[in-house]
Amino acid sequence: MEDRPIIVKRVKKKGGGHHGGAWKVAFADFAMALMAFFLVMWATNQATPEQKKDISRYFSDPVGYEEGGNPNPVDLGGAPAVTRNEGPSDIAPEPLSLKEDQVKELAEAMERRQTEELMQELDEKLEQSETLQEFKDQLLIDITDEGLRIQIVDRSNRPMFDSGGDELKPYSRDILFELAEPLAKVSNKLSITGHTDRTPFAQSNEEYTNWELSSDRANAARRTLVAGGVPENHIGRIVGLADSVLFNEEDPQAPVNRRISIIVLTDAALEAIEERESSNTADPEDRQSLAEDNWMERARDSQVEESEVNW
């Protein structure tokens, strides 16, 4: 029996039928391009002439523009536009300028803050240090027009010096050593002033009075502070005022009148002192009068009311 050939008959369908989803992708691309076109047109209409120049530069040389142009030439209300100063059409921003009075106010505010922080540090040290705790009632800390002031005063049973002498007691040196640590951290100049009571200086040498004694005591305090770590160049002045500025005017012989005052001078106070004391071109009589005025002014500035302290 002979093999019959197998015949495959293909039927060709007629009609539209389904063409797939390619048209959807094409339509989405078209809609996106159309939206981008209208967005560019709107952004161009909102742009300033300078921003239009930035856009033109980008389309003319995209590679070069990326290196020196503005990444956000048109501000659409989002991230702030950043303008670089390299392009020929860019305008350099004006530097921040402060008036002299504003600079002075900022400097004074920073100095006040530093003074307050130093006072807080000293208060904390006064509470934490066993050495200072014992002599807490002899330390007076306040802020004056000249700066932060630390006063170490005598008590009847605990003087800083022997009567008529300028050698510090061992515990007085301990107090100054404790104070030297925080004082060494500040760059401001220090003013050290010695005071005595109104008891006449009992010594056969008439040339040595309470004036010399108060100066020598202030200098002894200076030496101890320097030995404790305060740089020598931080000492601005050493002053001896004898009994001219009493702490307790009602009792001139009171122990509290015998004291050492250490002032962390503000820049303004130091500048005023240097201006007053650098008048070397004046006549001798004028310099003498100026020195007396300066001394009286410093005396008034260094005085503290007795009511500030609770004994």
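The values are calculated or read from the model by the stated rules, or taken from the named source; none is laboratory data. All figures in this text were calculated on a predicted structure; none of them were measured in a lab. Quick reminder, even Gly has a Cβ in these numbers, built from the backbone with ideal geometry, and neighbours come from all protein chains shown.
A few comments on the model shown:
- Inter-residue pairs, beta-carbon under 7 Å, first at negative phi and crowded, with 23+ Cβ neighbours inside 10 Å and in region 245-262, second assigned to a loop (DSSP other than H, G, I, E, B) and among the β-branched types (V, I, T), 6+ apart: F247/V304; R258/T196
- Taken as a whole, region 206-214 holds no residue that is assigned to a strand (DSSP E or B), at pLDDT 90 or above and among the aromatic types (F, W, Y).
- Set I141, I175: member being among the aliphatic types (A, V, I, L, M), assigned by TED's automatic domain parsing to the domain that holds L126, in contact with a strand residue (DSSP E or B) (Cβ under 9 Å, 6 or more places away or on another chain) and outside any helix (DSSP H, G or I): I141
- Residues that are hydrophobic (A, V, I, L, M, F, W, C) and at pLDDT below 95 were ranked within region 242-262; the one that is nearest to T196 (Cα to Cα) is A242.
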